[in-house]
Amino acid sequence: MIDESWFDDSPSVGELNDGDLAAYLESVSDPEWQEPSPDVVEERWSVRLPVISGTRPFKHTGTMVGYIGEDEGEGHRIIDPRELAPQRTLIGSKVAIRLTEALVVRYPGRGVHEILLHFGVGRGSDRTPKHNFSATIRAADNNLMPLGGQVLFSGIEVAEDGLSVAMSTINVHSDGDTQLLQVLQSGVFQKGLDLAGSTGPVVGLLSTTLDLLAKHIAGRSENMRVQNGLLGLDLDRTLVDTAKLRTGTYVMAQAPARVDDRPWSWGYYIYDRARNAIVHEADRDRLIEFNYVAVGIQKLRS
């Protein structure tokens, strides 16, 4: 998990108790919020809750990480990254990290969601990111956002112990903060954080500013973190229980460890190249039912 100090302990939606969740859903005018019937007499200690069947996708607190294999054909396998062979030739090389895709199955609120995606990157042993960068998306529920490989970080040198990428998504509802997000949609920010082409002080100032901005937005009452994820990508062949670093695409799905009374397995899903989406392997017309964010790692030319 991400070091919670990264966000000064501001809670995510999945960490809220029933009462706080109800208050939050009401504050963002969630369509599943329902006022209690006037004919129903409530006890003093009862909590008004939306009438919902099933688990909301935004309530999951776990992250299931997958690696999209380079299979031929329209369907690509999604592999548990612990099963990969590490690409040790990356040590000392410079790589870029791109935001390639996001699926918004269900976020709190109604209509089009304004979402801030905040990323941190560091050495494989780091759990507190060294550099930070942010991106934004606008999406309604059940919308897939192919993002065209927007650059997040460029020129990161891969250390002997690999690479770590932290991620947090923030559901933004405050009017002032949604206007602030427009700054991050400008062409300047589409170029990402260039760790090789910019001077150290400039990189450090921008990284710190974006980190403080994300924490400020996450701490506002009508804004809240929804998904957290951490890619701790190792290059040691002897560590069988760690995710391995290779160039390619990594998926962070907001999902539980068990689904339908069975342990989580990426074997039930496949990446459909024609649709640029993760779908059920047995029914390719059916999208995965969990929010996810995908990032690509690319080796840069020397």
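What follows draws every value from the coordinates through simple rules; no lab data is involved. The shown structure was predicted, so the numbers you read here are calculated from the model rather than taken from an experiment. For neighbour counting, all protein chains shown are included, and Cβ atoms are generated from backbone atoms with ideal geometry for every residue, glycine included.
For the chain, the relative contact order is 28 percent, taking Cα pairs closer than 8 Å that sit 6 or more residues apart in sequence and dividing their mean separation by the residue count. Could you compute the net charge surrounding ASP161? Neighbours are other residues with a C-beta less than 10 Å from the C-beta of ASP161; K and R count +1, D and E count -1. Once all neighbours under 10 Å are counted, the net charge is -3. Annotation: peptides 160-171, 274-285, ranked by per-residue average of other Cβ atoms within 10 Å with the highest first, follow the order 160-171, 274-285. The spacing between region 57-122 and region 271-302, judged by their C-alpha centroids, is 8 Å. Charged side chains reduced to their Cβ positions (Lys and Arg at +1, Asp and Glu at -1) give the chain a dipole of some 1140 debye around its Cα centre.
Values [x] 46, 23, 14; [y] 33, 24, 17; [z] 48, 18, 18 are given for comparison; semi-axes √(5λ) of the Cα gyration tensor in Å, derived from the coordinates here, is the one labelled [y]. Between 0 and 90 degrees, the angle of helix 175-184 with respect to the longest Cα principal axis of the chain falls at about 10 degrees. Summing charges over all other residues whose Cβ lies under 14 Å from the Cβ of ALA255, with Lys and Arg as +1 and Asp and Glu as -1, gives +2. With respect to the chain, whose longest principal axis is taken over its alpha-carbon atoms, helix 200-218 is tilted by about 20°.
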